[in-house]
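Undergrad: Quick one: this structure, given as C-alpha cells, is what I'll be asking you about.
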Amino acid sequence: EARDRVLLGRAREGFVVSRVEQRLVALHEAGHALAGLVFCPTDPLHKVTIQPRGAAMGVAFFQPDAELHLHARHYLEGQVRKALGGRAAEELVYGSAAVTSGASSDLQQATRIAKQMVYKLGMGRTTGLMTFDPDSGPVSGAMHANMDADVGAILASGYDDVLQCFREHRTALDALADALLEQETLAGDEALRVLRAAGMTLMPRDARPAA
C-alpha cells in the first residue's frame with residue numbers, strides 16, 4: 001500500500017462515482033492494460049485498478065524490470081499505443097460521439113512521445129533524420145509542417161492499430177472490464193489470467209523484443 005501510494009497516488013476515500021462512470025473507467029483502464037500488454041510487452045503489468053487515486057479515477061500501472069536509458073522505435077511506438085488504449089476502448093464500445101474527457105492526460109503523453117520521436121530522435125516518416133535543435137536555429141516553415149504531419153501520422157497509425165487489436169479481442173477487453181467492476185483492483189498476474197481465460201494468447205516475456 002505504501003508503494004502504491006507513492007507510485008499511484010493516495011486513494012480518495014469517500015469519492016463517489018456513478019455506476020455508469022464506473023463502467024466507463026473500468027473499460028478505459030482495461031484498454032490501457034490490454035494495449036500495454038500487446039504493444040509494449042517488455043514492461044510487465046503491475047496493477048490495474050478503478051479505485052480513484054490521486055487525480056485519476058483509475059490507473060493501469062506498468063513497472064519495468066529495470067530502468068532503461070535507450071529505447072528502440074518499437075518501444076516508443078508501443079508506449080504511444082498503450083497511452084491511446086483508454087480512448088480506443090471508449091470509442092470501440094460507445095462510439096466516437098461518446099468518448100470522454102478521461103483521456104486528456106493520455107493524449108498529452110502520447111503526443112509528447114510522438115513529438116520526441118520526430119523532433120528529437122529523427123524517427124519521422126517523411127522528415128527522416130532531420131531534427132529540431134533550438135541552438136542551431138529554427139527549421140523552415142515547410143519542414144515544421146512536415147514534422148507536425150509526422151507526429152500526427154504516428155498517433156493516427158497507433159490509434160488504428162489499437163482499435164484493430166480491440167476489435168479482434170473484444171471478448172478479452174470486456175472480460176477484463178467486468179473483472180475490474182467486480183473486484184476493483186487486479187494484480188498483473190490476475191489480469192493476465194482473466195485475459196487468457198477469455199481466449200487471448202500473450203507472448204511469453206522471454207520471447208519479447210528488447211526495449
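Undergrad: Check Thr49, Thr111 and return the single one that is more than 21 Å from Ala191 (Cβ to Cβ), out of contact with any Lys or Arg (no Cβ under 9 Å at 6 or more places or on another chain) and in contact (Cβ under 8 Å) with a residue 40 or more places away in the chain.
TA: Thr111
Undergrad: For Ala33, indicate whether it is over 16 Å from Val99 (Cβ atoms), among the small types (Gly, Ala, Ser), in contact with a His (Cβ under 8 Å, 6 or more places away or on another chain) and touching a residue at least 24 places away in the same chain (Cβ under 8 Å).
TA: no
Undergrad: Also: Within the bounds of the range 153-161, is there any residue that is surrounded by 12 or more Cβ atoms within 10 Å (Cβ to Cβ), in contact with a strand residue (DSSP E or B) (Cβ under 8 Å, 6 or more places away or on another chain) and without any contact (Cβ under 8 Å) to a residue 24 or more places away in the chain?
TA: Checked against the condition, which is being surrounded by 12 or more Cβ atoms within 10 Å (Cβ to Cβ), in contact with a strand residue (DSSP E or B) (Cβ under 8 Å, 6 or more places away or on another chain) and without any contact (Cβ under 8 Å) to a residue 24 or more places away in the chain, the range 153-161 yields no hits at all.
Undergrad: What is the number of the single condition among (1) among the acidic types (Asp, Glu); (2) touching a Gly at 6+ places or on another chain (Cβ under 8 Å); (3) modelled with pLDDT under 95 that Asp133 does not meet?
TA: Unmet condition: (2).
Undergrad: Checking Ala211 against (1) open to solvent by 50 Å² or more (accessible area, probe 1.4 Å); (2) at pLDDT below 95: exactly one of these is not met. Which one?
TA: Every listed condition holds for Ala211 apart from (1).
Undergrad: Here's another thing I want to ask about it. Can you work out which of the residues in the range 132-152 that are open to solvent by less than 30 Å² (accessible area, probe 1.4 Å) and out of contact with any Phe, Trp or Tyr (no Cβ under 7 Å at 6 or more places or on another chain) is farthest from Val80 (Cα to Cα)?
TA: Among those that are open to solvent by less than 30 Å² (accessible area, probe 1.4 Å) and out of contact with any Phe, Trp or Tyr (no Cβ under 7 Å at 6 or more places or on another chain), it is Gly137.
Undergrad: When you go through (1) in contact (Cβ under 8 Å) with a residue 24 or more places away in the chain; (2) under 29 Å from Glu21 (Cα atoms); (3) among the small types (Gly, Ala, Ser) one by one for Ala97, which number turns out not to apply?
TA: Unmet condition: (1).
Undergrad: Is it true that Thr126 is open to solvent by 30 Å² or more (accessible area, probe 1.4 Å), closer than 19 Å to His71 by Cα and not in a helix (DSSP H, G or I)?
TA: It is false that Thr126 is open to solvent by 30 Å² or more (accessible area, probe 1.4 Å), closer than 19 Å to His71 by Cα and not in a helix (DSSP H, G or I).
Undergrad: Could you please find all residues in the range 15-44 being closer than 17 Å to Asp189 by Cβ and at pLDDT below 95?
TA: Pro41, Thr42, Asp43, Pro44
Undergrad: Restricting the search to the range 83-104, which residues are open to solvent by less than 40 Å² (accessible area, probe 1.4 Å) and out of contact with any Gly (no Cβ under 8 Å at 6 or more places or on another chain)?
TA: Ala83, Gly95
Undergrad: Within the bounds of the range 135-151, is there any residue that is within 21 Å of Pro44 (Cβ to Cβ), in contact with a helix residue (DSSP H, G or I) (Cβ under 7 Å, 6 or more places away or on another chain) and part of a helix (DSSP H, G or I)?
TA: No, the range 135-151 contains no residue that is within 21 Å of Pro44 (Cβ to Cβ), in contact with a helix residue (DSSP H, G or I) (Cβ under 7 Å, 6 or more places away or on another chain) and part of a helix (DSSP H, G or I).
Undergrad: If Met57 satisfies every condition in (1) at pLDDT 95 or above; (2) open to solvent by 50 Å² or more (accessible area, probe 1.4 Å) but one, which is the exception?
TA: The single condition Met57 does not satisfy is (1).
The values are calculated or read from the model by the stated rules, or taken from the named source; none is laboratory data. For clarity, every value in this text was computed on a predicted model and none was experimentally measured. As a convention, Cβ positions derive from the backbone with ideal geometry for all residues, glycine included, and neighbour counts pool all protein chains shown. Ligands, DNA and RNA are stripped out before the accessible areas are found, and what is left, the full protein with its side chains, is counted by its heavy atoms. Shrake-Rupley method; radii C 1.70, N 1.55, O 1.52, S 1.80 Å.
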